[in-house]
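Following: one structure in structure tokens, then a few remarks.
The values are calculated or read from the model by the stated rules, or taken from the named source; none is laboratory data. Keep in mind that this is a model prediction, so the values were computed, not measured. Methodologically, a virtual Cβ is constructed for each residue, glycine included, from the backbone with ideal geometry; neighbour enumeration extends over all protein chains shown.
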Amino acid sequence: MTAPPKQSVLSVADVCVRFGGLTAVSGVSFDLKAGEICALIGPNGAGKSTLFNAITGFARTASGRVFFGASDITGKRPDAIARLGVRRTFQNGGVLKRLSVLENILTGLHCETERRIIGNVLRLPSAVAEERSSIARAEEVLHDLGIAHLTNVKAGDLSSGQQRLVEIGRTLAQHSRLILLDEPAVGLSATDRANLGALLKRLAAGGVAILLVEHVLELVMAVSDRIVVLNHGQMIASGTPEAVRNDPVVLEAYLGNK
Ligand SMILES: Nc1ncnc2c1ncn2[C@@H]1O[C@H](COP(=O)(O)OP(=O)(O)OP(=O)(O)O)[C@@H](O)[C@H]1O
Ligand SMILES: [Mg+2]
């Protein structure tokens, strides 16, 4: 078996996913490096979410391998992959409606290890300091997303666009080397999209690798270092935003699927 390229955070190697007779993802390969933002685009039903599911353990790969750094994570369970530090949002995800915005973000940051629970019960200085740093991190992300004024509002009372931002914030606040976002800009205003784009750029500048599935091409073009295009499960193009934007095969795929 070939090892993944050395500095890759994510390596997708010849991955196929089948649902009965349908090949939803067909022999897709690409790498993602630290600090890189790669967009995965393609018409509806192209296989983008299925590929996310294959990377994060929610769909079984029929063949091919997925590496997170040097670790082969192919076929591992979603919780095991999440524990390694791979973070994702879902296309139709949601917030915990009865909790406040801040509490929603904190649910992403709290890892309830036994040591931590004992620390919390005894109010050990280490636990108190960790709690403070989690709250500071949550507040920073809420500020970056432009929703700091909603910190103490119950998530269920927010508009759907604001709920989407909270959900994204929960994922982005977590310390991670790899973040996968499935259509984060759905339902967001132009200002919210711009704030989200700026936050993704800042995270990437800090070394996080980001894989972004998105139909909002304005956001894709603004933040991506590279774009991978899927159509009917196959990778039909890969390159810089400029190259992909002008690729006749890509234009044909989009127009042909309308
Ligand atoms: N659990 C499943 N069982 C059977 N078929 C599925 C399943 N999930 C997805 N598919 C099929 O696999 C193909 C790819 O779907 P997928 O959801 O990955 O597309 P997508 O690129 O994310 O589309 P969209 O842009 O609409 O979200 C589609 O034909 C879809 O109907
Ligand atoms: Mg999808």
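Structure notes:
- Residue check for Phe58: in contact with an Asp or Glu (Cβ under 8 Å, 6 or more places away or on another chain) and within 11 Å of ligand 1 (Cβ to nearest atom): no
- Meets criteria (within 16 Å of ligand 1 (Cβ to nearest atom) and surrounded by fewer than 21 Cβ atoms within 10 Å (Cβ to Cβ)) for Ile227: no
- Selected residue [in contact with a helix residue (DSSP H, G or I) (Cβ under 8 Å, 6 or more places away or on another chain) and buried (at least 16 other Cβ atoms within 10 Å of the Cβ)] from Ser134, Ser189: Ser134
- Candidates in region 26-49 are the residues that are within 11 Å of ligand 1 (Cβ to nearest atom) and assigned to a strand (DSSP E or B); of these, the one that is surrounded by the fewest Cβ atoms within 10 Å (Cβ to Cβ) is Ser26.
- Test result for Phe58, within 16 Å of ligand 2 (Cβ to nearest atom), under 23 Å from Arg177 (Cα atoms), at pLDDT 95 or above and surrounded by fewer than 16 Cβ atoms within 10 Å (Cβ to Cβ): yes
- Residue among Phe52, Phe68 that is within 13 Å of ligand 1 (Cβ to nearest atom) and either closer than 24 Å to Arg177 by Cβ or crowded, with 16+ Cβ neighbours inside 10 Å (or both): Phe52
- Residue match in region 94-101 (condition: more than 16 Å from ligand 2 (Cβ to nearest atom), farther than 20 Å from Val244 by Cα and in a helix (DSSP H, G or I)): yes
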